[in-house]
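S.K.: Provided herewith is a single structure, encoded as structure tokens, for subsequent inquiry.
What follows is calculated from the coordinates using simple rules that are stated; it is not laboratory data. Just so it is clear, the model here is predicted, and its values are computed rather than measured. Counting neighbours? That spans all protein chains shown, and the Cβs are built from the backbone with ideal geometry, glycine included.
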There are 2 protein chains.
Amino acid sequence: MAKEITPRSEDYSKWYNDLILKAGLADYSAVRGCMVIKPYGYAIWENMRDVLDKKFKETGHENAYFPLFVPKSLFEAEEKNAEGFAKECAVVTHYRLKNDPNNPGKLIVDPEAKLEEELVVRPTSEAIIWNTYKTWIQSYRDLPILINQWANVVRWEMRTRLFLRTAEFLWQEGHTAHATQEEALVETKQMLEVYADFAETWMAMPVIKGVKSENERFAGALDTYCIEALMQDGKALQAGTSHFLGQNFAKAFDVKFVNKENKTEHVWATSWGVSTRLIGALVMAHSDDDGLILPPKLAPIQVVIVPIYKGEDSKAGIDAKGMEIVNALKAKGIKVKYDNNDQTRPGWKFAEYEMKGVPVRIAIGARDIENNVAEVARRDTKEKNSVSLDGLPNTVEKLLEEIQANIFNKALGFRNESITEANTWDEFLQVLDTKGGFVSAHWDGTGETEDKIKELSKATIRCIPFDNPQADGTCILSGKPSKERVLFARAY
Amino acid sequence: MAKEITPRSEDYSKWYNDLILKAGLADYSAVRGCMVIKPYGYAIWENMRDVLDKKFKETGHENAYFPLFVPKSLFEAEEKNAEGFAKECAVVTHYRLKNDPNNPGKLIVDPEAKLEEELVVRPTSEAIIWNTYKTWIQSYRDLPILINQWANVVRWEMRTRLFLRTAEFLWQEGHTAHATQEEALVETKQMLEVYADFAETWMAMPVIKGVKSENERFAGALDTYCIEALMQDGKALQAGTSHFLGQNFAKAFDVKFVNKENKTEHVWATSWGVSTRLIGALVMAHSDDDGLILPPKLAPIQVVIVPIYKGEDSKAGIDAKGMEIVNALKAKGIKVKYDNNDQTRPGWKFAEYEMKGVPVRIAIGARDIENNVAEVARRDTKEKNSVSLDGLPNTVEKLLEEIQANIFNKALGFRNESITEANTWDEFLQVLDTKGGFVSAHWDGTGETEDKIKELSKATIRCIPFDNPQADGTCILSGKPSKERVLFARAY
């Protein structure tokens, strides 16, 4: 009866898809490359959003909303940014359908309703936002502008995967405007720290903070900071980016301000974002062959209670005790579900909540109540214990903290073991092909070599870690001199 | 120095636009008919969203997310719905831009990247959602599905107005699937009650609940329930709708289920939504010539404290007392801002917070502190009182409740005075042209007459109120027999 998913060892990619579908996180849709985020998946996104939104507000940001469409003339204004996204843009060209004269009941695009200027469905909002900031900024008194937007964006990717890469996705994008370069740099770094803290403390997913190589930079940025996570199959995943945009967009949109010295300058900019991709990362970082493993801090259901009825007699008594536990857990702010649905058996429920990654499961029957205990099972280690009903809420509360810590430590151990130094090209390839993970290797600093490495190994530079130790060496591919190792990996 | 807006008596429509722009709620954008929702306006939307979202969840609904795009073949499946929205659809026809060979640095649509099937940017999501529900529903056990989505939608309106009618807007759309007609009808009504309660209790905006005439129904619905509010200029505004869709969408998308009797049936549907239009309604329902008047329950800032410094000496003492008040108010859950910005003078601040509709303003200076008082001004009545600092938080808390009630009662009084019976066509026109508001009049029940009335008077049937008294009469226009009066108005 229980749903089954392909084991990771057999086909990691299929395991991932099976899991997303069977845990009810998302579904395919009738639109190429677009997914439906189902209620359980969306509940995780809501939890992520609420935590991040609070962090953004605590760091002085406000939310706003800018148009979905970017007129082509604005889209092309910042040339590098336009070039970076032009190849994957959904373009609106018409604003009306009409009846098909040859096909009753069918519609066709009305050729008379062609737009004078095409509209690009935003792949990112720098263009439309900086065109707006232009009208908001005259003096240093108007700065900084610290705005975030929660929105959908569209990038017409050719190869898509649920959550990881979809044509439409949900994200937040911060867009800030500053009077000085220094202030913009502080902001860029601050937001990367916010992301890193979110990934580690809430998602229980260790990340490496660093800066992207020029090749991997956001189109239009002077620098892209990133957090990089490691998935269980040894592939890296970029989990969040924070861009220092310099004055590129201010120049493209002519956004100037009068500074305190009464001189006119271009404004400094940052942008930063994370997306529903994080759900894919969360799934791949922790889960196993039986289903999701969710960190308690983001789990939509933290504890499920399954009553075990034997015959009708004991039902009322078990439900009464069950609701008592529910209320005690709720009083502690724990998200708890009591599942007394009589259409399914306990064994089916156990498998279902394992699939859904509910961190703690409590089973309670008539005999348990007599003995003043309940069976408490944790999802991460599958450990089961008979636990006294006295102080059960405290026990569960501690257990949730323990699970959060355990999931993180497990992922951290794996990540730390998965950083390998390689000193020759052969070593480099061997590590990638056998062990996977991050490969720490010398690189000559040129985009050309980086491209070649990518072409030959499918590995990219994930980042140059912050505070990277400086040490002379020679590039693994070109043999040219290098001043530091950087982190390579095959990546999502 | 203070910003000024056109008085309502001079030009109501201009007053509205001035207010939206000067209070910082929204701004025009570079995209025809699309607006930028600025942080202050978005903060109101966030408050609305949080309250509604809680109500939806309390009534058993979950959030999910469906694709922005609707393939044309799905869009046209439910014929009436398609017909209703076809004339105002943004259509994506291409998925790539390329460099313009004749214009270096410019982009053009790549003709080789034409989509095989055009994608409609959702004007509403019934089509894409029912196409998905089809795969989720087999048996009565899969029902009901109670899903809500927070999303942006696009309707290519020809005449747009900030918040009230924009090409893109934000909204929520509930889409539910049920095993029986009765259950779907209960849901439709339940959600209208949720909207009505939100409008009256939170927005302080009285509404009339009723059902739409056939002409005014949502395209594809069997019945549309609505809440209708009255604006200060005597025009009505539809503030929310809840649709009983019958089996129309289930039939269009072939969504069937096996019922308890093991027979196959089509599923019953509802949909319901409110949008950022509510912000426009909120503004027009309460505000005056000095700016916004916001109900305390939705105000982003409920209390502003303005310190009045005379010379440098007293600053520290005033700020200390000010922060004491801030903390005491925060402890009561009151949203308070302490504005000690020294770039602007108190008089400027007073005008600014009046413009922004902050319900309560507290001014405090050195002399006040000596006398153990503060000046408390309420935005709605402009009343100012010297209030003892002892128990100030309690005083303010009560005052906020009083303001909420007063705003509602004022709007209710105006609305009640603005329902006028008309028994002849001349009376009908006279009421519309002089007094405005709702006109309660007999109508023969035909769409034809309704159309004619609209053509001749610009008034539409806003609704047939629930529990409408039945009384024989004759239609104001056709003179044909009528069984009840219905509510007409000119409307936004």
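S.K.: What are the distances, in nm and sorted shortest first, from the label point of residue B:330 to the label points of the same position in each other copy, with each label point placed 7 Å from Cα along the Cα-to-Cβ direction?
M.R.: Ordered by distance, the counterparts are at 3.0 nm.
S.K.: Enumerate the calculated ³J(HN,Hα) couplings along the stretch A:155-164 in order (Karplus 6.51 cos²θ - 1.76 cosθ + 1.60, θ = phi - 60°), each rounded to whole Hz, writing x wherever the residue is Gly or Pro.
M.R.: 9, 6, 6, 7, 10, 10, 9, 3, 6, 6
S.K.: Under 15 Å from a label point 7 Å along Cα→Cβ of residue A:340: give me every residue in the stretch A:362-386 with its amide N that close.
M.R.: A:363-366, A:369
S.K.: Alpha carbon centre of the stretch B:427-492 versus the stretch B:1-35: separation in Å?
M.R.: Each part reduced to its Cα centre gives a spacing of 32 Å.
S.K.: Divide by every residue of chain B the summed helix terms, -39500 (n - 2.57) for each DSSP H run of at least 4, and state the resulting mean residue ellipticity at 222 nm, rounded to the nearest 500 deg cm²/dmol.
M.R.: The per-residue figure over chain B is -10500 deg cm²/dmol.
S.K.: At a Cα cut-off below 24 Å, give the lysines reachable from residue B:310, other chains included and same-chain residues fewer than 8 away excluded.
M.R.: Output for residue B:310: B:321, B:337, B:349, B:384.
S.K.: Also: On a 0 to 90 degree scale, rounded to 10, what angle separates helix A:39-58 from the longest Cα axis of chain A?
M.R.: Result, in degrees: 60.
S.K.: Taking H placed 1.01 Å from N in the peptide plane, check which residues at least 5 places from residue B:305 or on another chain put their amide H under 5 Å from its amide H.
M.R.: B:337, B:338, B:339, B:362
S.K.: Hey, another quick one. Once each part is reduced to its C-alpha centroid, what is the distance from the stretch B:85-143 to the stretch A:90-104 in angstrom?
M.R.: 12 Å
S.K.: Residues with amide H under 5 Å of residue B:287's amide H, sequence separation 5 or more or different chain, H placed in the peptide plane at 1.01 Å from N; which?
M.R.: Residues meeting the criterion, in which the H sits 1.01 Å from N, are B:293.
S.K.: Can you give the local net charge around residue A:271? Use residues other than it whose beta-carbon is closer than 13 angstrom to its beta-carbon, Lys and Arg +1, Asp and Glu -1.
M.R.: -3
S.K.: In addition: If you count the DSSP beta bridges with both ends in the protein assembly as shown, what percent of them are antiparallel, to the nearest 5?
M.R.: 85 percent
S.K.: Something else about it: Just to confirm the numbers: residue B:409, label point 7 angstrom along the Cα-Cβ line, distances to the other copies in nm, shortest first?
M.R.: Once sorted, the set of distances for residue B:409 reads 6.2 nm.
S.K.: Here is a follow-up. For the stretch A:365-425, which GluC sites (Glu not before Pro) pass both filters: DSSP loop (anything but H, G, I, E, B) and at most 12 other C-beta atoms within 10 Å?
M.R.: On the way: sites: A:370, A:375, A:383, A:397, A:401, A:402, A:417, A:421; in loops: A:383.
Here the sparse-neighbourhood loop sites are A:383.
S.K.: Output wanted: per-residue J couplings in Hz (rounded whole) for the stretch A:168-184, from phi through Karplus 6.51 cos²θ - 1.76 cosθ + 1.60, θ = phi - 60°, x for Gly and Pro.
M.R.: Residue by residue, the stretch A:168-184 yields 10, 9, 9, 7, 10, 9, x, 9, 10, 10, 9, 7, 9, 4, 4, 4, 5 Hz.
S.K.: Can I ask one more? In terms of modelled amide H atoms, which long-range or inter-chain residues lie less than 5 Å from the amide H of residue A:373?
M.R.: When sequence neighbours closer than 5 places are left aside, the close amide H contacts are A:389.
S.K.: May I pose another question? If you take every DSSP beta bridge whose two residues both sit in the stretch A:303-402, what share of them, in percent to the nearest 5, is antiparallel?
M.R.: 50 percent
S.K.: In nm, what does the list of distances from residue B:100 to its counterparts in the other copies look like, shortest first, when each label sits 7 Å along Cα to Cβ?
M.R.: Distances to the matching label points in the other copies: 3.3 nm.
S.K.: With θ set to phi - 60° and the Karplus curve 6.51 cos²θ - 1.76 cosθ + 1.60, what are the ³J(HN,Hα) couplings of the stretch A:368-382 in order, to the nearest whole Hz, using x for Gly and Pro?
M.R.: Here the 3J(HN,Hα) series is 3, 5, 4, 8, 6, 9, 9, 8, 10, 10, 9, 6, 5, 9, 6 Hz.
S.K.: Only loop residues by DSSP count here, and only those with at most 10 other Cβ atoms within 10 Å; note down the GluC sites (Glu not before Pro) in the stretch B:189-284 that meet that.
M.R.: B:261
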